[in-house]
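Take a look at the structure set out below.
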Amino acid sequence: MNETQVYTKLYDVFDEFFGLEQSEVVPELTADQVDGWDSLNHIRLMLKIQSEFGVKFSSGQISSLQNVGELANILVAKT
Amino acid sequence: MSTSLYLDLEWLPKPPADISARFKALRAQSAQSGAELRHLAGFGLSELQLTRLASALDRAIETGADLSPLAPLKVAVVSNTTTEFLNPVIAATGLRHGFALSVVPVPFGQVMQELLDPASSVYAADPDVILLALDHRGWPLAAAHGDAKEAEAALTGSLAQLDTIIASVEQNSRAVLMVQTVVRPADTDFGSLDLAVPGTWRRQVGAFNQALADRLAGTPHLLLDVAGIAETIGLANWHDPGMWHLARVSCANRVLPLYADHVGRVLAAWKGKARRCLILDLDNTVWSGVIGDDGLDGIRLAEGDAVGEAHRDVQDRALQLRARGVVLAVSSKNDDAVARAAFRDHPDMLLREDHIAVFQANWRDKATNITAISDEISLGLDAMAFLDDNPAERGLVREALPTVAVPELPDDPALYVRTLIASGVFEATTFSEEDRRRADDYQSNAKRVALQASVTNIDDYLRSLDMVFTMRRFDATGRARIAQLISKSNQFNLTTRRYSEADITRMEADPTIFGMQVRLKDRFADNGMISVVICRSEGAEWDIDTWLMSCRVLGRGVERAVLQVLKDVAGKSGIKAITASYIPTARNQMVAAHYEGLGFEQTGTLPDGTTRWRIAVADIPEQVVHGEVTVEVDTPGRRQSEQAGRSNTDAVSVPSVT
């Protein structure tokens with residue numbers, strides 16, 4: 001998948017989880033800036049993204065992600 | 001064979017496509033109803049969906065909403081592992097089992113402090129149930145490999161700890177303990193040798209679980225065998241090492257819905273909400289085939305026949321459940337005498353009439369029959385489970401009687417028993433001599449009971465089925481199936497005239513014959529070709545030579561859709577009247593009043609009992625059809641086709657081709 005495709009799919013997940021608008025899901029977005037994106041929901045989010053994209057993250061990747069841009073880069077590389 | 005049956009709770013209906021929107025709507029709604037929440041929990045929801053449902057439930061409990069008929073229940077989950085993912089899933093799953101369940105938050109890893117200190121937050125919350133959810137790391141079970149003494153001491157120590165916990169809970173609260181068995185790690189110590197060397201996880205966990213079950217037997221406390229669940233789906237699916245390292249969770253999030261459903265079942269059984277009566281459909285459930293059409297010799301249930309054996313397994317399992325105290329009943333769309341003949345005379349039947357408390361074989365809707373069964377044996381509808389291969393029957397019962405447990409069934413009858421058992425509707429927390437005798441106490445005499453007025457608005461249900469009828473003239477594509485229906489149908493068959501494929505081929509080209517094949521699709525399934533009608537023109541009249549239908553789609557208004565099309569096509573073809581015959585046989589009693597019901601007038605009775613009927617085309621009323629009718633009727637020589645459809649419930653008038 002290219003970056004645009006990855007983001008298109010991510011919009012839906014972020015909408016479902018946090019009710020975010022498309023324009024809010026930008027590469028610089030971090031968990032601190034999103035209401036409800038706590039450590040539990042982070043794991044739920046990662047599990048959901050794994051199943052939506054058909055990929056598997058390592059626990060290292062899950063725990064060290066800095067922002068949405070980094071997540072998207074991993075997804076572009078894996079899909 | 002896959003584990004998805006269990007992990008995706010496939011005995012529950014799949015969530016509707018708009019489930020996300022429904023959750024969003026719930027969030028916006030100020031007042032929640034218990035029935036609505038329970039309805040949503042009745043689908044096979046994922047962990048995330050259950051978590052979302054749990055927040056709606058939480059809000060409802062917080063705001064003091066009236067959630068009846070759900071029973072309030074407070075559960076504290078005490079664990080050496082993180083339970084934050086599990087807790088909301090348990091709460092939402094509780095809805096499915098009739099509870100408005102709140103989970104008391106307990107600090108992670110504080111097992112003994114919380115349970116031994118009378119002033120702990122667990123006891124302060126005054127829960128009804130304390131779920132002791134310890135994994136293999138939570139009991140002092142580890143021992144040096146090969147050291148039998150140490151292994152024994154570790155086991156004794158763990159059980160002593162259990163005794164201490166039980167004593168403390170009994171002293172400090174009114175709560176009932178639910179203790180889970182230990183799931184052994186997926187990774188072996190040696191391999192096959194694990195079973196032989198003292199101190200291995202395999203031996204320690206096995207011995208502990210058995211001792212735990214023995215300890216709890218005869219006490220008011222409950223056993224939750226998660227080790228059994230993990231075995232069923234596989235240890236490799238249960239354990240997720242990554243998640244342990246990330247968040248100290250004991251099992252993969254993917255298994256949480258199943259885990260929680262088992263918690264819900266045990267709670268329900270404990271509160272007397274487990275099912276106590278199994279209502280069986282007959283055709284294609286208890287045996288393969290349709291006895292009314294295939295005959296006593298035509299149904300399959302013999303050893304050595306793979307399909308027959310699958311259905312025989314259903315019977316075998318029904319008898320095992322009966323031996324456990326589950327009452328058996330029958331609800332079947334059949335002629336009573338024909339259905340009973342199998343129970344009396346078929347050599348391969350395991351079930352006999354005296355196993356069945358109430359035997360309802362008739363042509364009424366099953367919701368009405370199930371209500372009659374419930375009244376007769378004085379067990380509530382919430383004590384009933386209904387097993388039927390036909391998705392539309394299941395859908396009707398689920399909609400009309402939402403408290404009846406209706407497991408979804410897969411296409412393959414070999415998996416019927418597995419699915420029924422996986423659903424856990426007959427979970428028990430005790431088993432006694434009394435249970436063993438219970439089924440006999442229900443005077444199993446295959447009684448047939450009178451039906452009250454229909455319990456359900458069938459029209460609403462039919463509308464919700466999204467039925468699409470497709471009518472076509474006889475053609476090469478349909479030929480084989482038309483001939484098969486003509487040779488097999490005995491019950492809904494007005495004249496029982498048999499025609500071969502060659503006969504059908506000739507009819508296709510015969511301008512004096514109007515042959516129509518009817519297909520039916522609904523939201524559950526494509527039922528394929530389900531009805532055949534043959535009209536022979538005699539001047540300005542049609543005589544209905546053949547009208548038959550598969551009993552599988554009985555009660556759906558197929559005959560009304562057919563009549564509407566006959567009226568329209570006849571009208572356009574200059575036909576003024578339609579005549580018809582009902583030729584009685586041993587099997588087609590059910591359609592004796594077919595033409596009368598459709599508004600035909602009887603014109604005579606022949607010596608052999610055949611009744612003759614007639615109606616003027618202009619007198620045929622517009623038919624109410626709950627679905628869309630597509631007509632692909634083309635006249636021979638002028639190949640045209642036209643499609644028309646309407647999806648409302650007004651009378652459908654069908655444009656036809658001249």
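The values are calculated or read from the model by the stated rules, or taken from the named source; none is laboratory data. A quick note: this is a predicted structure, and the numbers were derived from the prediction, not measured. Every residue, glycine as well, gets a Cβ built from its backbone with ideal geometry; the counts of neighbours run over all protein chains shown. Calculation scope for accessible area: heavy atoms of the full protein, side chains included, ligands and nucleic acids excluded. Shrake-Rupley method; radii C 1.70, N 1.55, O 1.52, S 1.80 Å.
With Kirkwood's inverse mean 1/r over C-alpha pairs for Rh, give me the Rg to Rh ratio of the stretch B:70-270, two decimals please. Write out the running numbers ahead of the final one.
Numbers: Rg = 16.5 Å, Rh = 17.3 Å.
Taking Rh as the inverse mean 1/r over Cα pairs, Rg/Rh reads 0.96.
Please work out the ratio of the alpha-carbon Rg of the stretch B:203-264 to 2.2 N^0.38 Å and round it to two decimals.
In units of the globular-protein estimate, the stretch B:203-264 measures up at 1.26.
Skipping prolines and chain starts, which residues have an amide H placed within reach, meaning under 5 Å, of the one on B:GLU427, given they are 5 or more residues away or on another chain?
It is B:ARG275, by chain and number.
Calculate what fraction, in whole %, of the accessible area of chain B sits on carbon and sulfur atoms when a 1.4 Å probe is rolled over the protein chains. Mind dumping the intermediate values first?
Details: 12970 of 26630 Å².
Carbon and sulfur atoms account for 49 percent of the accessible area of chain B.
Treating each Cα of chain B as an identical point scatterer and ignoring solvent, apply the Debye formula and state log10 I(q)/I(0) at q = 0.06, 0.07, 0.08 Å⁻¹.
With one equal scatterer per Cα and no solvent, log10 I(q)/I(0) is -0.44, -0.57, -0.71.
What spacing in nm lies between the two simple spin-label points modelled at A:GLU28 and B:ARG248, each 7 Å away from Cα in the Cβ direction?
3.6
Residues of B:240-247, mean number of Cβ from any other protein chain within 10 Å of their own Cβ, rounded to a whole number?
Partner-chain Cβ atoms within 10 Å, mean over residues of B:240-247: 5.
Calculate, for B:ALA119 and B:ASP375, the FRET efficiency according to 1/(1 + (r/R0)^6) with r their C-beta to C-beta distance and R0 60 Å; round to the nearest 0.05.
Working: r = 51 Å, r/R0 = 0.86.
E(calc), rounded to 0.05, equals 0.70.
For the stretch B:344-478, what relative contact order do you get, as a whole percent, if you take Cα pairs closer than 8 Å and at least 6 residues apart? Working shown, then result.
Working: 116 pairs, mean separation 48.2, N = 135.
The normalised contact order for the stretch B:344-478 reaches 36 percent.
Quick one: helix B:148-172 against the long Cα principal axis of chain B, what's the angle to the nearest 10°, folded into 0 to 90?
Once rounded, one gets 80 degrees.
Quick query: amide H of B:VAL104 versus all other amide H atoms, modeled in the peptide plane; which residues come in under 5 Å with a sequence gap of 5 or more or a different chain?
B:VAL75, B:ALA76, B:VAL77
For the stretch B:1-90, with equal point scatterers placed on the C-alpha atoms only and solvent neglected, what are the log10 I(q)/I(0) values from the Debye formula at q = 0.11, 0.15, 0.24 1/Å, to two decimals?
-0.35, -0.65, -1.33
Report, in deg cm²/dmol and to the nearest 500, the calculated mean residue ellipticity at 222 nm for the protein assembly as shown, where each DSSP H run with n ≥ 4 adds -39500 (n - 2.57) and the sum is divided by the residue count.
Only helices count here, giving -12000 deg cm²/dmol.
Give me the compactness ratio for the stretch B:461-632, meaning the Cα radius of gyration over 2.2 N^0.38 Å.
Normalised by 2.2 N^0.38 Å, the Cα Rg of the stretch B:461-632 equals 0.97.
Looking at the stretch A:1-61, which trypsin sites (Lys or Arg not before Pro) are DSSP coil and have at most 11 other C-beta atoms within 10 Å of their C-beta?
A:LYS56
With label points built 7 Å along Cα→Cβ from the Cα atoms of B:ALA593 and B:LYS572, find their separation and express it in nm.
Once both label points are built, they end up 3.4 nm from each other.
Where q = 0.05 Å⁻¹, what log10 of I(q)/I(0) comes from the Debye formula for the protein assembly as shown, counting one point per Cα?
With no solvent term, the Cα-only Debye profile gives -0.34.
Just read off the accessible area of B:TYR461 with the full protein assembly in place, 1.4 Å probe, to the nearest 10 Å².
Number for this one is 10 Å².
Please check chain B for the longest run free of GluC sites (Glu not before Pro) that are loop-located per DSSP (anything but H, G, I, E, B) and have at most 14 other Cβ atoms within 10 Å.
Longest stretch, sites excluded: B:304-621.
Can you give the mean number of other chain Cβ atoms that lie within 10 Å of the Cβ atoms in peptide A:58-69?
For peptide A:58-69, the averaged partner shielding equals 2.
Using a Förster distance of 22 angstrom, determine the FRET efficiency expected from the C-beta separation of A:ALA77 and A:THR4, and round it to 0.05.
0.90
For the stretch B:277-456, which semi-axes, largest first and in whole Å, follow from the square roots of 5 times the eigenvalues of its Cα gyration tensor?
22, 19, 17
Leaving ligands, DNA and RNA out of it, report the carbon-plus-sulfur percent of the accessible area of the stretch A:3-78 at a 1.4 Å probe.
Exposed carbon and sulfur together represent 44 percent of the surface.
Roughly what % antiparallel, to the nearest 5, for the DSSP beta bridges in the protein assembly as shown?
Looking only at bridges with both residues in the protein assembly as shown, the antiparallel portion is about 45 percent.
Ignoring ligands, DNA and RNA, how much accessible area is buried between chains B and A, both sides summed, with a 1.4 Å probe, to the nearest 100 Å²?
Looking at B and A, the buried total is near 1100 Å².
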